[in-house]
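Read the structure below first, then the notes.
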Amino acid sequence: MRGRSRGFSMMEVLVAMLVIGTGALAIAMLQLHALRSSRDSSLHARATLMAQELAELRAALPAGTAPSDALLFSLTTGKPLSAPADCEQAACSPTDFALASLADWSGRLVRDFPHVRVTVCRDGQRAAPEDWRCDALEHSPVVLKMAWRRLATGSPAAGGTTPLLSLILGH
């Protein structure tokens, strides 16, 4: 009687390699998804901080020095806003200072967010905050609506459908 040989057959080795390879691929895909989600979360947190900064800038604008809607704008081209005056070279009015600060803010926004789109407008439409349209009524609160390209979803650009962030900045 012949003794049984010890070891693994070729079929057992191939099945084990398939199981281990599938597990390794799943772990790699999970890691990739976690990195993309982390980046999107980081951008969303940064967008919230920048919205807060814009609200503070708007609140710091002295009453009566400018039209109440001096800081309402849309940014869709990916180009930052330009300042009407250079407040670093010479003294400027509070309105010009606010607009120069807004130009600096928009420059950082364009630099940090891929394909960013921003609208700051008066909008009281609480039923549809995911819409880019604004009602522009004088008694409506000032709202920031922002979108950017998200890697986790694979969307090509921010351009279109809905804002990713919609926050009330004040009245």
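The values are calculated or read from the model by the stated rules, or taken from the named source; none is laboratory data. For clarity, every value in this text was computed on a predicted model and none was experimentally measured. We place every Cβ from the backbone using ideal geometry, glycine too, and count neighbours over all the protein chains shown. With ligands, DNA and RNA removed, areas are computed over all heavy atoms of the protein, side chains included. Shrake-Rupley method; radii C 1.70, N 1.55, O 1.52, S 1.80 Å.
Worth a mention:
- Some residue of segment 139-159 being of a type in the set (Val, Ile, Thr), modelled with pLDDT of 65 or more and buried (at least 18 other Cβ atoms within 10 Å of the Cβ): yes
- The residue pairs whose first member lies in segment 84-104 and is over 19 Å from Met50 (Cβ atoms) and of a type in the set (Phe, Trp, Tyr), whose second member is part of a loop (DSSP other than H, G, I, E, B) and at pLDDT 80 or above, and whose beta carbons are closer than 7 Å, counting only pairs six or more residues apart or on different chains, do not exist in this structure.
- Candidates Pro163, Pro129, filtered to the one that is touching a strand residue (DSSP E or B) at 6+ places or on another chain (Cβ under 9 Å) and modelled with pLDDT of 80 or more: Pro163
- Extreme residue, farthest from Ser166 (Cα to Cα), among residues of segment 85-112 that are in a loop (DSSP other than H, G, I, E, B) and open to solvent by less than 90 Å² (accessible area, probe 1.4 Å): Ala90
- Pairs are defined by a Cβ separation below 7 Å, a sequence spacing of at least 6 or placement on different chains, a first member in segment 141-166 that is hydroxyl-bearing (Ser, Thr, Tyr), and a second member that is modelled with pLDDT under 65; the pairs so defined are Ser166/Pro129.
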